[in-house]
Structure formats: structure tokens, C-alpha cells
Amino acid sequence: MAISNPTIMAKQLLTPAQIQQYHEDGYLIVRGFYDEEEVSRLYRIAVDDAAISKHAINVNDSTGKRSKLSLWYKPGDDVYGLLTRGETLVGAVDQLLERQRGDEGHSVCHYHSKLMQKEPRVGGAWEWHQDYGYWYKNEFLFPEQMMSVMIAVTDANVENGCLQVIRGSHKMGRVEHGFSGEQVGASQKYVDLALKTMEHVYVELNAGDALFFHSNILHRSEANVSDRARWSLISCYNRSANIGYNESSSSSASITPIDIVPDDALLTWETAGLAESDADFLSKEADVSLK
């Protein structure tokens, strides 16, 4: 059932200049992709979402600080699914992902989404890594057909552990990854070489900003040493022809084209948090990247 909201503004697809910047830098920031009302609704529901809390995975960094994440595969009619499946967001992803020959139709699929929760003073760091450094173990073959979109649910800055990237590092291709504490991180030798060669950028975001980033860009984040939480929703996308041959989840979401919804669904549809039985949550034991 829809609810009335006359204040919704139309979102815009990416410009040629933005697309070029993404391919050159390996990431793209779009300011104010979601407005204050949209982000506020997402945050209010996330804070009280029992399924998110129940299925949160604690991940320790090398110093023992801990971050929480909840990861699921199936995007539904909950608040996160409506955001992930939004027409303009999916359209922007479609503009950025590489296409295979003969792929003329809509083939953007939802691989998974995760709510990242870095609480004040205790939220841990994440080591330098590439997302494809993990997804390679799931036996996806084409990194150019995979990417992530981070939506800042709260402001992200240096003090509360914003994302950091090495600009242009996606052009290196995949580098070896190994364990650092409970996390899988990129080879420090290649990280050091990348930092000598390319620009190290702190990606500070305001709530509602969207960050599009390539599956092979090196990125990390510091611990949250501030008094403010740093929450973000990260949705990962894939082309339908790019099969994960070692996918541990029974979900086929990563090769099933997204059922797109209008942008205004996030505010005009009556919805709540995740339905536990439908979301298909990842458990720590089932994560092949940790093995």
C-alpha cells in the first residue's frame, strides 16, 4: 500500500563525465543521491530491525576492535530492498558495469547487501583489500562485471573511520590476499607499491551520498575513534552471465536480474525491516572468503 509523499525529487542517471571518472579512478561519489527524509527512514528502521541485529557478524581487526555487519542475498520489499532495487540506482550500475557481447537487455543482478555498523569508540578497522579479492574465491570470473555501491546512512569522516581508497588501483588487477586477524587483506607488498605510485584518498561522505566503486579498487577504513556511529549500506551488483561457480549460498540472486522498483518506493510504499525467512543471511561459517 502506498503512502502519500509530495516532496520526492527525481533522481538523475550518471553523466558521460561521471562514467569516465569512475573508469579512470575506480570510484565515483554522487552527492545527495538520497535526501534527508529517505536516509532518515532507512536509519530509523535499521536501528530497530531485529533480523539485522540477530544476524550481525562480529569481525575483529588486528588490534581486537570489533565491527558488526549483517549480510543478506535476497532483496525484498523491505526498506533496504527498495533502496537497492531503485530504478535510478540500478540504472547507474548498469551504466558502469562491463557488458558481454550480445548483452543488450537488463542484466543487473543483486549479489548481496550488507549493513556495516561501526559503533563509537569500539568499531574496528578494515584492512586494505579488494572486494574481488574475496569474490574470486566464489569463482566469479569477470571482475569488470561486479561492483559495490555504498550509501552513507550517517556521515562518514576521518574521525569515525570513513572509507579510504587508492585512486586508480583497480587497474592493477587482482592481487593476492591473506589473513590479518579475522579479516582477509591484500598483500602488503603490493599495497605499499600502490601507495608509492597512486593517490591515497579519504572518502568523506555526508548521509545520503552514494559511493560507486570497482570490485578491484584497493580500499580500507580505520577504527571509529569518535563519539558518533558510522553506518553504511553497501549493495553489491553483478551481471547475470557472470556465474559464481563456488557460491556457498543457495540463493540465485547473483544471476537473477533485479525486479526494479520506482525511486519513490522507498518513501511511498509501506515497508519495514528485513523478513528473516526471506533474506537469506550469510553466516560466518558459510563465508568461503574466510576459508
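The values are calculated or read from the model by the stated rules, or taken from the named source; none is laboratory data. Everything quoted here is computed from the prediction, not taken from an experiment. Neighbour counts are summed over all protein chains in view; Cβ atoms, including those assigned to glycine, are modelled from backbone coordinates with ideal geometry. Areas reflect the complete protein model, heavy atoms only, side chains present, ligands, DNA and RNA absent. Shrake-Rupley method; radii C 1.70, N 1.55, O 1.52, S 1.80 Å.
Can Tyr132 be described as over 24 Å from Ser40 (Cα atoms), in a helix (DSSP H, G or I), of a type in the set (Ser, Thr, Tyr) and open to solvent by less than 30 Å² (accessible area, probe 1.4 Å)? Here the answer is yes, as Tyr132 does meet what is asked.
The set of residues from the range 40-55 being touching a residue at least 24 places away in the same chain (Cβ under 8 Å) and either buried (at least 17 other Cβ atoms within 10 Å of the Cβ) or not hydrophobic (A, V, I, L, M, F, W, C) (or both) comprises Arg41, Leu42, Tyr43, Ile45, Ala46, Asp48, Asp49, Ala51, Ile52, Lys54, His55. Quick one: would you say His112 is open to solvent by less than 40 Å² (accessible area, probe 1.4 Å) and in contact with a Cys (Cβ under 7 Å, 6 or more places away or on another chain)? Answer is yes for this residue. Asn60 satisfies every condition listed in (1) buried (at least 18 other Cβ atoms within 10 Å of the Cβ); (2) over 29 Å from Gln18 (Cβ atoms) except (1). In this entry, Val175 is excluded by the filter for residues that are among the hydrophobic types (A, V, I, L, M, F, W, C), surrounded by fewer than 23 Cβ atoms within 10 Å (Cβ to Cβ) and farther than 22 Å from Glu247 by Cα.
Contact map, the range 73-86: residues that are without any contact (Cβ under 8 Å) to a residue 60 or more places away in the chain and at positive phi paired with residues that are outside any loop (DSSP other than H, G, I, E, B) and open to solvent by 10 Å² or more (accessible area, probe 1.4 Å), Cβ distance under 9 Å, separation 6+ or inter-chain. No pairs are found.
Conditions tested, residue by residue: (1) modelled with pLDDT of 90 or more; (2) open to solvent by less than 60 Å² (accessible area, probe 1.4 Å); (3) in a strand (DSSP E or B).
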{"position": "Ala207", "(1), (2), (3)": "yes, yes, no"}
{"position": "Leu211", "(1), (2), (3)": "yes, yes, yes"}
{"position": "Ile217", "(1), (2), (3)": "yes, yes, no"}
{"position": "Ala223", "(1), (2), (3)": "no, yes, no"}
{"position": "Ser232", "(1), (2), (3)": "yes, yes, yes"}
{"position": "Ala241", "(1), (2), (3)": "yes, yes, no"}
{"position": "Gly244", "(1), (2), (3)": "yes, yes, no"}
{"position": "Ser251", "(1), (2), (3)": "no, yes, no"}
{"position": "Ser254", "(1), (2), (3)": "yes, yes, no"}
